[in-house]
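The values are calculated or read from the model by the stated rules, or taken from the named source; none is laboratory data. Every value quoted in this text rests on a predicted model; they were computed, and no experiment measured them. Don't worry about glycine lacking a Cβ; one is built from the backbone with ideal geometry, like all the others, and counts go over all protein chains shown.
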Protein chains: 2
Amino acid sequence: MASIKEIAERTGLSIATVSHVINGTRKVSDKSKALVMDAIKETGYKPNYAARMLRTRRSDTVAMLIPNVRQGMPTNIFFMDVLSGAKDYLQLVGFNLIIATYSEEDESDEGDLRNLKVLRDQWIDGFLVVPNKKKTAIVKNILDNNNPIVLLDRAVKDLACPCVYNDTIKISRDVVDVLYQEGRRRIGYIGGSLESFTGFDRWKGYKEGLSACGLKYDEALVGISELHTAANGYEAAERLIENQADAVYVSNDVQAIGVLRYLKEKNIRVPKDVAVIGFENYEWMEICSPRLTTVCQEPYEMGRIGAQMLHRMLEDETYSEKVVLTPKIIFRDSHRRE
Amino acid sequence: MASIKEIAERTGLSIATVSHVINGTRKVSDKSKALVMDAIKETGYKPNYAARMLRTRRSDTVAMLIPNVRQGMPTNIFFMDVLSGAKDYLQLVGFNLIIATYSEEDESDEGDLRNLKVLRDQWIDGFLVVPNKKKTAIVKNILDNNNPIVLLDRAVKDLACPCVYNDTIKISRDVVDVLYQEGRRRIGYIGGSLESFTGFDRWKGYKEGLSACGLKYDEALVGISELHTAANGYEAAERLIENQADAVYVSNDVQAIGVLRYLKEKNIRVPKDVAVIGFENYEWMEICSPRLTTVCQEPYEMGRIGAQMLHRMLEDETYSEKVVLTPKIIFRDSHRRE
DNA sequence: CCTCCTATGTTAAACGATTACACGTAAACG
DNA sequence: CGTTTACGTGTAATCGTTTAACATAGGAGG
């Protein structure tokens, strides 16, 4: 493997000049430039990443930290798209992207931090983190070492730190409003744990939406379960329907599957008898008849924008911003009164 | 940021001794060891990754290259699980994982290779690659620079190179056999492009399965489409059914959705009239009634094993192996004759 | 007492880049 | 003609490790 020294010797120039040609950091005569270029081509020289990193203290590498979700979960589509967005941007501007996860369950922050090599060795230029309600210590740890960081998907309260997230509360309010406009008055909610950032906000938006419409919050129309499973959705639907719900906002894919199965089994017509609005990771809702109206986020954009922000922070220390994305409601057939 | 020099000064020992304590590369007296440990704790010293890398020429970093699939695709669940498996293993043994993609479409290998920073800068210890039928140049490029590499999901013909992949052909044969045993004689196939490794093998296995059962291959019972969409599946199903198929092997999730919708719309009973066996990324097939019998791969295992192999190759130059995983058929209700 | 070994340390040379500082020449300016 | 100014280039220090080679001291064996 050729080194810069070898190029210098071949061309009869100094190491410094070669370096400047490579990085464009100083004016070099066209003649010398051509000389260097030729030598590089001949030798197949590539600058040594480690050496450059040692000198410049920059690795051009960014790490993305995400919670370690269960295998085969649709949530993974979401994270994969976030990852894709970040990766595409970073690849474009010549940065590397390292991926690491922390376990959602493991309560011991200490243990986790020790295991995250990427946090231990201090050589990452910046972090993209999908935080977790229980584990904000990771975020704080990164901030303490004053590493640049951008939070994805979820803002952490009390932490003034750049982030890009969905306005989940607003969109949930909108969902309720849509159902209200269609004449529904017993609007139920089915969703996951309130311990998670997203779960909590979806529920909160639902609640706020109700009061904005002048409806009152009724426990009997709300089904919260720790796990997102179709079976959970099924059971929750059963209870809500027994309590005369005429609309359901299901705040995640998997539970929606259960809800739909229940309604189909009981021959409850959608949307005539009950309106349903879901939350989607993938357009698989097209399987259902009628096609399900859903809230749609833009994970790819989120990743891309987050990476862009981080990149900008690396150039300009003072830059900081909070970007709010607004999910959209994809109007299909399951919410309209006929 | 403290350096090893500072630790040496604090403890009154030499840099070398400190280094040996840190790496356990030589016997050091317990007293000195304790001294160093204390100093490290006090100063919060972390070895400089770049410096170490420059000396040792190892980065403890592995890159995973995958094709750049469309957003929101269920294929992403598959890749995400592969990624997870690799990441979990690598995280465990103290390696970093970099992720990069190459575009499936872009024909110009040259352009792509130039864009892959991770290939350009030669500092990655090894590569995990999900290859592509059209773009084997990437794999060759890595091999030419004699970098360790493990192929995932797909073996590349004519390339003696360690890999871990699914025995797709065998499982496809088994699927046909299962349907045959249930008394089906007009077994159809619906799947994606034959240009892709996996698409081709699934189809090939189907064909081999037929002849093993003494059935003959009939174009009228085969629907191949470039894109995996539900609409495609729907159309293909229509044609197969018109040609009196009594069983369908659908070799991907998305098209299966279309197939099921078609059958439901036409009131064709599954499995009484037509048996269906699918190929699954996620157990979402539980939405369907009856629950769909599917082929199930183990992407997480694939990633984990691949990473393990690569890790071993880094320790032992001579190690090389091909690992074949066998997907399983998850027997549910859509294939049985009643 | 000499030699040799073991156990522990130290010295100093890499590794391959970046970059502050300095130098020489020639043209431009007053 | 002396002094700037501009341009192109070179010298050498530095980043923070690893590690081969060398040093030293104490004890065992003869």
**Message:** Taking the conditions exactly as written (within 16 Å of DNA strand C (Cβ to nearest atom), of a type in the set (S, T, N, Q) and in contact (Cβ under 8 Å) with a residue 12 or more places away in the chain), does A:Ser84 satisfy them or not?
**Reply:** no
**Request:** Give me a count of the residues in region A:78-92 that are facing chain B (nearest Cβ under 7 Å) and either over 25 Å from B:Ile77 (Cβ atoms) or out of contact with any Leu (no Cβ under 9 Å at 6 or more places or on another chain) (or both).
**Result:** 3
**Qualifying helices (runs of 4 or more DSSP H) (wholly inside region A:1-83; at least 2 residues being closer than 20 Å to B:Lys117 by Cα)** = A:15-23, A:30-43, A:49-56
**Message:** I'd like the residue in region B:165-210 that is within 15 Å of the chain's Cα centre (by Cα) and in a helix (DSSP H, G or I) and, out of all such residues, is surrounded by the most Cβ atoms within 10 Å (Cβ to Cβ).
**Reply:** B:Thr168
**Prompt:** Restricting attention to region A:93-102, which residues are under 14 Å from A:Leu310 (Cα atoms) and more than 8 Å from chain B (Cβ to nearest Cβ)?
**Reply:** A:Val93
**Asked** B:Ala34 versus (1) surrounded by fewer than 15 Cβ atoms within 10 Å (Cβ to Cβ); (2) farther than 27 Å from A:Arg52 by Cβ; (3) facing chain A (nearest Cβ under 10 Å); (4) of a type outside the set (Ser, Thr, Tyr): which is the lone unmet condition?
**Response** (3)
**Message:** Take the residues in region B:84-108 that are outside any loop (DSSP other than H, G, I, E, B) and at pLDDT below 90; name whichever of them is surrounded by the fewest Cβ atoms within 10 Å (Cβ to Cβ).
**Reply:** B:Thr101
**Request:** Taking the residues in region B:62-72 that are buried (at least 22 other Cβ atoms within 10 Å of the Cβ) and over 16 Å from B:Arg154 (Cβ atoms) as candidates, determine which candidate is farthest from the other protein chains (Cβ to nearest Cβ).
**Result:** B:Val62
**Asked** Which one of the conditions (1) surrounded by fewer than 19 Cβ atoms within 10 Å (Cβ to Cβ); (2) in the same structural domain as A:Ser103 (by TED's automatic domain parsing); (3) modelled with pLDDT of 90 or more; (4) not charged (D, E, K, R) does A:Pro162 fail to meet, given that it meets all the rest?
**Response** (1)
**Message:** Can you find a residue that is under 20 Å from A:Gly199 (Cβ atoms), at pLDDT 90 or above and either of a type in the set (Val, Ile, Thr) or not in a strand (DSSP E or B) (or both) anywhere in region A:274-289?
**Reply:** yes
**Request:** Provide a single number: the residues in region A:225-241 that are touching a helix residue (DSSP H, G or I) at 6+ places or on another chain (Cβ under 7 Å) and either not in a helix (DSSP H, G or I) or not assigned by TED's automatic domain parsing to the domain that holds A:Ala256 (or both).
**Result:** 3
**Fill in**
The lone condition B:Thr229 fails out of (1) surrounded by fewer than 24 Cβ atoms within 10 Å (Cβ to Cβ); (2) farther than 22 Å from B:Asp201 by Cβ is (2)
**Asked** A:Pro67 versus (1) more than 8 Å from DNA strand C (Cβ to nearest atom); (2) closer than 27 Å to B:Tyr49 by Cα; (3) at pLDDT 95 or above: which is the lone unmet condition?
**Response** (3)
**Request:** Using the structure shown, decide if B:Thr75 is more than 9 Å from chain A (Cβ to nearest Cβ) and at pLDDT below 90.
**Result:** yes
